[in-house]
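I have placed the structure first, in the form of structure tokens, so that the comments after it can refer back to it.
Derivation of every value follows stated rules applied to the coordinates shown; laboratory data play no part. Note that the coordinates shown come from a computational prediction; the quantities given were computed from them, not determined experimentally. Cβ: placed from backbone, ideal geometry, glycine included. Neighbour counts: every protein chain shown.
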Amino acid sequence: MRIFRRKRQFLEYTRFLEHRAYSFCHFTTRGNRRLEKLSPRLDTANLRMAVYTCIVGHYDSLIEPRIAEPGIDYYVFTDIDIPAGSVWKKIDITQFDEYHEFSPTQLNRRIKMLPFCYLPDYDYSVYVDGNIEIEGAVTPVVAEMGDCPFGTHYHRTRDCVYVEKVRVNYLRKADKETVDKQTAAYREAGFPRHYGLYENSILIRSHRDESVRHLMEAWWEEYMRYPTRDQLSLPYLIWKTGYDKSSIHIIGTNIDRDPNFRRIHSHITKPS
């Protein structure tokens, strides 16, 4: 038994060293370059805007925004009770057919990726992960989009799907066999290294832009093909579909230094 424990410890330590060595050799954010075209600030005066999050089960606890702007609707798609007086308006996901069709993680990703299906009456939506606290006004953040119909953060330390794959496998954030199969398919298709990597914890999208709609629909389909981490598939689909990277507004290069948002805890439970 002691020999078995020592062998397991040795294998874990070896895995750790391999991961650290790979990360050190491939650490770069050079692929996360700002390419967006300069354009006037977006006039938000007559836009219908919604902020939303999605919590399925008890994966996250509901976080109240520090600032709730008048004229913006705040929605939480969830199957749990929310506190009385909450800024968030509950949309009961148990009423959806998808609630019984998909796993909690799949349903979360569907609502995250396809806002125009669930909030069709709005011009723009701002999605925030369940562990993100809204610290500032959202309207100026949307206005900074200018002509860009899609906005997100760059990953703060990595710029490559293939490097992210190593991290995902090391932390066991997804099924390793599926992750390896996914990235092998991307490599075979010719997807380049260091093409850019996005956080995806905060997403701003125009609901009236067809190119964004098509990209998001392709993202959902790819996620269902490879149900791993959505960070892995988005850069590939931007490349595959020929989506104009200069039309992606980069909200920031480090979400943890963004004064308008704060990641305040890790997720409560592991996804299922």
Pop out the Kirkwood hydrodynamic radius of segment 189-272 from its pairwise C-alpha distances, inverse of mean 1/r, in Å to one decimal. 14.6
Once you place label points 7 Å from the Cα toward the Cβ at Asp147 and Arg208, how far apart are they in nm? 1.6
Please give, to one decimal in nm, the separation of the simple spin-label points placed at Arg156 and Arg172, each 7 Å out from Cα toward the Cβ. 2.5
Return the FRET efficiency for the residue pair Ala185, Ser61: r is the Cβ-Cβ distance, R0 is 41 Å, and the value is rounded to the nearest 0.05. 0.70
To check my understanding: the extent here is largest minus smallest coordinate of the Cα atoms along each principal axis. What are those three numbers for segment 42-104, in Å, largest first? 40, 23, 16
Consider just the alpha-carbon atoms of segment 126-272 and return their Rg together with their Dmax, both in angstrom. 15.3, 43
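On full extension of the chain, what length is gained from Ala68 through Asp244, given 0.36 nm per residue of separation minus the C-alpha to C-alpha distance?
On the way: separation 176, 0.36 × 176 = 63.36 nm, distance 3.26 nm.
Fully extending the segment from Ala68 to Asp244 adds 60.1 nm.
Please report how many Lys pairs in segment 144-272 have alpha carbons closer than 13 angstrom, counting only residues at least 8 apart along the chain or sitting on separate chains.
On the way: Lys165/Lys173; Lys165/Lys176; Lys165/Lys181; Lys173/Lys270.
Taking the Cα cut-off of 13 Å, the pair count is 4.
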Karplus-derived HN-Hα couplings along segment 190-205 (A = 6.51, B = -1.76, C = 1.60, θ = phi - 60°), whole Hz, x at Gly and Pro: x, 5, x, 6, 6, 7, x, 9, 10, 6, 6, 6, 9, 10, 10, 9
Relative contact order of segment 74-179, defined on C-alpha pairs under 8 angstrom at six or more residues apart (%): 11
